[in-house]
Amino acid sequence: MKVNEVPQDDANMLDGKLKEPCYAVDENGNYTTIKSVGWEAKNIVMQQAWSNISSKIDKVRLKVLDKKLSPIAYYMEKNIMSPKLLSQYTGFFSFTVRRHLKYKAFSKLSDEKLKKYADTFDITVEELKDLSLLKLESVNNAE
Amino acid sequence: MPNNEIVLDFKHKQSAHCENGVVSNLLRYYGIDLSEPMIFGIGSGMFFSHMPFVKVDGIPVTSFRPLPGIIFKRVSKRLGIQFERKRYKNPHKAMDALDEVINENTPVGMLVGVYHLSYFPAPYRFHFNAHNLVAFGKKSGDYLISDPVMEGFEKLSYKELQRVRYAKGLFAPKGHMYYVKHIPDNLDINGAIIKGIKKTCKDMLTIPVGMFGVKGIRFMAKKIAKYPDKLGTRKASLFAGQIVRAQEEIGTGGAGFRFMYAAFLQEAAGYLKQDWLKEMSAEMTQIGDMWRDFAATTARLVKMRENHGENYKQVSDMLMNIADAEEAFYKKLQKITQ
């Protein structure tokens, strides 16, 4: 790749927080780095990965609103976690986490236990319990 | 805790890949100027693996680099630089130990998870735990951070830094930190370059398992041709997209590190005074361009949601050509001597 071929296809994948150095050859054949804001090929596959995650989150969101799954299941998906990873963050056993993903088990949980989940998700216990928040979320996840 | 302020004279240089970048920046603090490509080449960072039965989120893992930490280990071994490495069960102790070392005017490298790294771009914040950064001071209670992926300095609070040092999941860092302990007076850079190159050729040509090196590329080529029939449209496109992500995600410097390796060979030619390495560099640049073509074509497949067998056959053929080109390349390169 030559310096003038380094793509600058911005799809806001770097959040405006940095430009990424790409190694490229200058007119004298010497390697240098050129900062890039993005490349279309890469943007496409990044967007694909995130839209895959978003659609998973949305499926769970609807199940929570149907009271089949608990809000913990929703925030777990939203934080791209698995029950295993969530168990490592909260200190609950993996099978306990799996049980808490069901709406029935969730409704019986103490605030103390809920706080462990809420802290992991960076939200309050009130937010974790508030199903009305999930009704608004479909718009936010579509980003 | 004493609210002491300390700022070390640490020069930050942005790099494509964090592991190379931290080592390069740490060594520069001690007056050793080795670029990112040099660290990458000496540490034999060039690699390929495709492991269909190791899956993350149901998608096979493809990687253009060895396991995290390996480049670092090889560089220190080949240059004879001693690092102190520590882990702590207790997060508070880990932070105290960090303060102590910084107070001795020593910049400290650390392994962290990126998911909770506040300054990182959101689209890249996955639960990836083998990221490297350096703390080189403390100001108003915040740690001064040199993160090689970022353009300038960053800051993290005590709480934020502790959190990322104790990220959970695969490769959990467990408070891992490291710093330079001893640097020999005479660094045998040329010797280290040769060792680095030989190991790369060996890894790419001779690992007797079909998932690694050049064989791994051919293996993936065969697999990808069967994706649409075997997996259906959606999954075929997800699997193919993941390969492109591994190749071009933050940190490879383009084309799955191939351009970075070409840059290394160019510098190596100067160190060793062997001009033929410049030709090898140019050849690796061409191979990198082939990888970029593969990525562009595959991404188009993903976007168009096409799953005709012939489209996947086309990218499969591209990979076969790349494998042939790489095989010929390493066979020439492995003849290197001092």
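The values are calculated or read from the model by the stated rules, or taken from the named source; none is laboratory data. Values in this document were obtained by computation on a predicted structure and should not be read as measured data. FYI the Cβ positions are ideal-geometry reconstructions off the backbone, even for glycines, and counts take in every protein chain you see.
Could you please find all residues in the stretch B:146-168 being surrounded by fewer than 17 Cβ atoms within 10 Å (Cβ to Cβ) and part of a loop (DSSP other than H, G, I, E, B)? Within the stretch B:146-168, B:Glu151, B:Gly152, B:Phe153 meet the criteria.
Could you please find all residues in the stretch B:286-320 being within 14 Å of B:Gly232 (Cα to Cα) and hydroxyl-bearing (Ser, Thr, Tyr)? Hit for the stretch B:286-320 is B:Tyr312, nothing else.
Restricting to the stretch B:71-85, give me the number of residues that are of a type in the set (A, V, I, L, M, F, W, C) and surrounded by fewer than 16 Cβ atoms within 10 Å (Cβ to Cβ). Residues in the stretch B:71-85 being of a type in the set (A, V, I, L, M, F, W, C) and surrounded by fewer than 16 Cβ atoms within 10 Å (Cβ to Cβ): 0 in total. Filtering the stretch B:100-137 to residues that are free of Cβ contacts under 8 Å to residues at least 40 places away in the same chain and over 30 Å from A:Ile44 (Cα atoms) leaves B:Glu100, B:Glu104, B:Ala135. Within the stretch B:19-37, being within 13 Å of another protein chain (Cβ to nearest Cβ) and buried (at least 24 other Cβ atoms within 10 Å of the Cβ) holds for B:Asn20, B:Gly21, B:Glu36, B:Pro37. When A:Asn4 is tested against (1) part of a helix (DSSP H, G or I); (2) under 14 Å from B:Val149 (Cα atoms), just one condition goes unmet, and that condition is (2). Is it fair to say A:Gly29 is outside the structural domain of A:Lys129 (by TED's automatic domain parsing), surrounded by fewer than 19 Cβ atoms within 10 Å (Cβ to Cβ) and within 30 Å of B:Arg163 (Cα to Cα)? No. The condition of being in a helix (DSSP H, G or I) and away from chain A (no Cβ under 14 Å) does not hold for B:Lys235.
Could you tell me which of the residues B:Gly196, B:Gly210, B:Gly256, B:Gly216 is in a loop (DSSP other than H, G, I, E, B) and within 19 Å of the chain's Cα centre (by Cα)? Being in a loop (DSSP other than H, G, I, E, B) and within 19 Å of the chain's Cα centre (by Cα) holds for just one of B:Gly196, B:Gly210, B:Gly256, B:Gly216, which is B:Gly256. Please verify whether B:Tyr271 is part of a helix (DSSP H, G or I), more than 12 Å from chain A (Cβ to nearest Cβ) and over 30 Å from B:Phe126 (Cα atoms), treating the condition exactly as stated. Taking the combined requirement at face value, the residue satisfies it. Out of A:Val25, A:Val45, one residue alone is within 16 Å of B:Arg258 (Cβ to Cβ), free of Cβ contacts under 8 Å to residues at least 40 places away in the same chain and in contact with a Lys or Arg (Cβ under 7 Å, 6 or more places away or on another chain). It is A:Val25. Report the residue count in the stretch A:7-26 for those that are surrounded by 15 or more Cβ atoms within 10 Å (Cβ to Cβ), touching a Phe, Trp or Tyr at 6+ places or on another chain (Cβ under 7 Å) and in a loop (DSSP other than H, G, I, E, B). Residues that pass the stated criteria total 1. Among the residues of the stretch B:286-319, the ones that are under 16 Å from B:Thr62 (Cβ atoms) and more than 14 Å from every other protein chain (Cβ to nearest Cβ) come to 3 in all.
For every residue, the table says whether it meets (1) surrounded by fewer than 24 Cβ atoms within 10 Å (Cβ to Cβ); (2) within 26 Å of B:Lys195 (Cβ to Cβ).
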| site | (1), (2) |
| --- | --- |
| B:Lys215 | yes, yes |
| B:Lys222 | yes, no |
| B:Pro228 | yes, no |
| B:Val244 | no, no |
| B:Gln247 | no, no |
| B:Ala263 | no, yes |
| B:Ile287 | yes, yes |
| B:Thr297 | yes, no |
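Taken over the stretch B:86-106, residues that are surrounded by 17 or more Cβ atoms within 10 Å (Cβ to Cβ), in contact with a Gly (Cβ under 7 Å, 6 or more places away or on another chain) and not β-branched (Val, Ile, Thr) amount to 2. Per the listing A:Thr96, A:Thr124, the residue uniquely of a type in the set (Ser, Thr, Tyr) and either more than 19 Å from B:Lys168 (Cβ to Cβ) or touching a residue at least 24 places away in the same chain (Cβ under 8 Å) (or both) is A:Thr124. Counted as qualifying within the stretch A:32-120 are the helices (runs of 4 or more DSSP H) with 1 or more residues that are farther than 21 Å from B:Arg125 by Cβ and out of contact with any helix residue (DSSP H, G or I) (no Cβ under 6 Å at 6 or more places or on another chain), namely A:40-65, A:94-100, A:103-107.
Set side by side, the residues B:Val56, B:Val114 differ, and just one is surrounded by fewer than 23 Cβ atoms within 10 Å (Cβ to Cβ), over 13 Å from the mean Cα position of the chain (by Cα), within 14 Å of another protein chain (Cβ to nearest Cβ) and within 19 Å of B:Gly21 (Cβ to Cβ), which is B:Val114.
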